[in-house]
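Asks: Dropping the structure in here first, questions after.
All of the numbers you see were taken from the coordinates with simple rules; none came from a lab. It should be emphasised that the depicted structure is a prediction, and the values quoted were computed from it without experimental measurement. Note: ideal-geometry Cβ built from the backbone for every residue, glycine included; neighbour counts use all protein chains shown.
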Amino acid sequence: MHALVEPLVAHSIWTFARPLEPASAAAAVGAWLAGIAAGCPAPGGHVMGHIKAYASLPAGGCIQGNATSTRQPPHVELHEPAGTALVRLDVTLNVLVVGLEHAAAGGQAIRALDDVATCHGFTHSTSILPTQGEH
Amino acid sequence: MRVLVLAGFLGSGKTTVALQIARAAQAAGQRVALIVNERGEAGVDNQLVARLGFDVRELLGGCICCSLVAELAPALEALAATTRPDLVIVEPSGIAEPAQIRAALRFARVPGLDMRSVSVVDAQRIGELMEVVTPLLTKQMAHADLAVVCKADIASTPQTEAACRIVGEHAPQTDPYVIDAREPLDGALRMALLGRCTRW
């Protein structure tokens, strides 16, 4: 495996057609991470790097998740003291996987998010920051 | 000021360990700060740590073992001059080489600097990771003053035992501590990380 390590950073704004419970939004974040991880074939089903997401919630909480394996669901935590339904979610995504180039990671992230958006009934506007090169 | 430099591959559990240490130190009455480094220009870990109310300095968009190495010592000096923490936890990117970080911090103008390297090892993945990124993982373990094998809550017993054997092979200077993210750090590990000047 090529030892390239090139980070991908994406900002994504999700707009929900109807107010969504934070738990459902957290499930969607987990589905996105799982979709990206599924495209990172690696020894033993493990992701040779990390795939992380973070989203602040309006009441001061957050959703954070990470995926390091395709054999287990992503680890997603929801910290939402008020439990306010969401109409929008701003998500930061970091992907840093050995051998996964920036363009490939970006394409994978968008494809996985399109699938999640269709499944969960939201639209998204996602920008991928330019590559910063390899480590 | 004690400085703990965490070293571990991407996704190995460094942020979880950093937060466990920070909570233990706060509970012991210590002032805690964190320096969080991420390769991307917009980080994830820094947002999480800041949300929890810890004093955080962010070094983003590069790696503090190479492209951002010149910013590390000034960040530590700024903390020492302002919030004067008892403990600073440095969480580098998962592809950083701790020896270079330690070398950079030796030049920091911080009185009483007491620096330790903590190797964070992922019990679930270390076997496979060693096949792919051997030189980096070897370096991350070789310079450790302490090693923690984490994810014991989700790894199998054979995986955890194998991880301990790998640590023993590459960091024979330290016996690994096995930790579970759901549990507070045990007394011996807290002592090793935080020193004796704590109140428990």
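Asks: Taking a ≥ b ≥ c as the square roots of the Cα gyration tensor eigenvalues, with a/c under 1.5 meaning rounded and otherwise prolate when a/b beats b/c, else oblate, which class fits the stretch B:13-142? Before the final figure, lay out each step's value.
Replies: Working: a/c = 1.60, a/b = 1.35, b/c = 1.18.
Prolate.
Asks: Expressed as an acute angle from 0 to 90° and rounded to the nearest 10, what is the orientation of the C-alpha long axis of helix A:22-37 relative to the principal long axis of chain A?
Replies: Roughly 10 degrees, rounded to the nearest 10.
Asks: Further question: If you take each beta carbon of peptide B:10-17 and count the beta carbons of other chains within 10 angstrom, what is the mean?
Replies: Partner Cβ neighbours, averaged per residue: 5.
Asks: For chain B, find the longest principal axis of its Cα atoms and tell me its angle to the long axis of helix B:14-27, 0 to 90°, nearest 10.
Replies: Result, in degrees: 60.
Asks: Additional query: Quick one: net charge around B:Pro85, please, counting Lys, Arg +1 and Asp, Glu -1 for every other residue with C-beta under 11 Å from its C-beta.
Replies: Around B:Pro85, the charge tally is +2.
Asks: Averaged across A:62-69, how many Cβ atoms of other chains sit within 10 Å of each residue's Cβ atom?
Replies: Counting other chains' Cβ atoms within 10 Å and averaging over A:62-69 gives 4.
Asks: Can you tell which of B:Ala22, B:Ala99, B:Ala42 shows the greatest fluctuation in a Gaussian network model of chain B with Cα springs below 10 Å?
Replies: Comparing B:Ala22, B:Ala99, B:Ala42 in a Gaussian network model of chain B, the most mobile one is B:Ala42.
Asks: Continuing with the same structure: Taking every residue in A:45-58, how many Cβ atoms of other protein chains lie within 10 Å of its Cβ, on average? Each step should come with its number before you reach the end.
Replies: On the way: counts 2, 9, 4, 9, 8, 9, 3, 9, 1, 8, 2, 3, 1, 0.
Counting Cβ atoms of other protein chains within 10 Å of each residue's Cβ and averaging gives 5.
Asks: What angle do you read, to the nearest 10 degrees and between 0 and 90, between the alpha-carbon axis of helix B:157-170 and the longest principal axis of chain B?
Replies: 60 degrees
Asks: Another question, if that's okay. With a ≥ b ≥ c taken as the square roots of the eigenvalues of the C-alpha gyration tensor of the stretch A:8-129, please select rounded if a/c is under 1.5 and otherwise prolate if a/b is larger than b/c or oblate if it is not?
Replies: It is prolate, given that a/c is not under 1.5 and a/b is the larger ratio.
Asks: Classify the protein assembly as shown: rounded, prolate or oblate, from the alpha-carbon gyration tensor (a ≥ b ≥ c, eigenvalue square roots; a/c under 1.5 rounded; otherwise prolate if a/b is larger than b/c)? Walk me through the numbers before you get to the answer.
Replies: Numbers: a/c = 1.59, a/b = 1.37, b/c = 1.16.
Prolate.
Asks: Right, next: Once phi is turned into θ = phi - 60°, what whole-Hz ³J(HN,Hα) does the Karplus curve with 6.51, -1.76 and 1.60 give for every residue of the stretch A:100-115, x standing for Gly and Pro?
Replies: Rounded to whole hertz, the list is 9, 6, 4, 5, 5, 5, x, x, 5, 5, 5, 4, 5, 6, 4, 5.
Asks: Pull out the extension gain between A:Ala85 and A:His124, defined as 0.36 nm times the separation in residues minus the alpha carbon to alpha carbon distance; nm, one decimal.
Replies: 12.3 nm
Asks: Can you say what percent of the DSSP beta bridges in the protein assembly as shown, counting only those with both residues inside, are antiparallel? Round to 5.
Replies: That works out to approximately 55 percent antiparallel.
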